[in-house]
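S.K.: Below: one structure in structure tokens.
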Amino acid sequence: MTGFTIKHNELTAAEFCELWGTVWGEPPKIAQTELAMAHTLFRVSVFDGEKIVAMARMIGDMGLCCYIKDVIVRPEYQSRGIGRLMIEELLSFVRKNGVQGTEVFVELAAMPDKIPFYRKLGFDENDAHRLKMMLPAGE
């Protein structure tokens, strides 16, 4: 992958929101995103010159579990190996920073059309059903 710059832990809230909007529509509020960036274990961002084209982040406790979140590649940059590169960077972070001689549970949620991509990277589906709720904050 030539011509791209990979950055670790430099993804800003503004860059996050910009990318979010390219795939998922209206982004979260900047204040929410700033808090999320501050509490993220590891962030990977990919640039084409000055333009941010992809991001992914890792949250979790590093001892027992980590969760891959917000994997986004701008649509016009997909199918160039950028997603694979970011996942490899995140997994490398866990390998280097986890407790030696142990295993860390790494999980992610994927839309059905992305499952084949993650399977190629070694992820398996399980029988668990993810549940969610949107909880009002700041009350």
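Values quoted throughout were computed directly from the atomic coordinates according to the rules given, and no laboratory measurement underlies them. The model shown is predicted, which means the values in this text are computed figures rather than measured ones. Here the Cβ positions follow ideal geometry from the backbone for every residue, glycine too, while neighbour counts run over all protein chains shown.
S.K.: Roughly how many whole Å is it from the C-alpha centroid of region 68-95 to that of region 1-44?
M.R.: A separation of 13 Å, based on Cα centres.
S.K.: What full-extension length gain, to one decimal in nm, is calculated for GLU107 and LEU64 as 0.36 nm per residue of separation minus the Cα-Cα distance? Walk me through the intermediate numbers first.
M.R.: On the way: separation 43, 0.36 × 43 = 15.48 nm, distance 1.11 nm.
Gain in length upon complete extension: 14.4 nm.
S.K.: A further question on this structure: Figure the gain on full extension for LYS7 and ARG95 (residue separation times 0.36 nm, minus the Cα-Cα span) and round it to one decimal in nm.
M.R.: 29.8 nm
S.K.: Let me check against my output: what whole-number percent is the relative contact order of the chain, with C-alpha pairs under 8 Å and at least 6 apart?
M.R.: 20 percent.
S.K.: What does the charge add up to near ARG84, with Lys and Arg as +1, Asp and Glu as -1, over the other residues with Cβ less than 15 Å from its Cβ? Working shown, then result.
M.R.: On the way: positive: ARG80, LYS114, ARG119, LYS120; negative: GLU88, GLU89.
Local charge sum for ARG84: +2.
S.K.: Now a separate question. Among the listed pairs LYS51/LYS132; LYS29/LYS96; LYS7/LYS29, which are separated by more than 30 Å between their Cα atoms?
M.R.: The answer is LYS51/LYS132; LYS29/LYS96.
S.K.: Treating only the Cα positions of the chain as identical point scatterers, give the base-10 log of I(q)/I(0) from the Debye formula at each q in 0.13, 0.14, 0.16, 0.18 Å⁻¹.
M.R.: Taken in order of the listed q values, log10 I(q)/I(0) reads -0.60, -0.70, -0.92, -1.17.
S.K.: Using the basic label-point model (7 angstrom from Cα toward the beta carbon), what is the PHE117 to GLN78 distance in nanometres?
M.R.: In this crude label model, PHE117 to GLN78 measures out at 0.6 nm.
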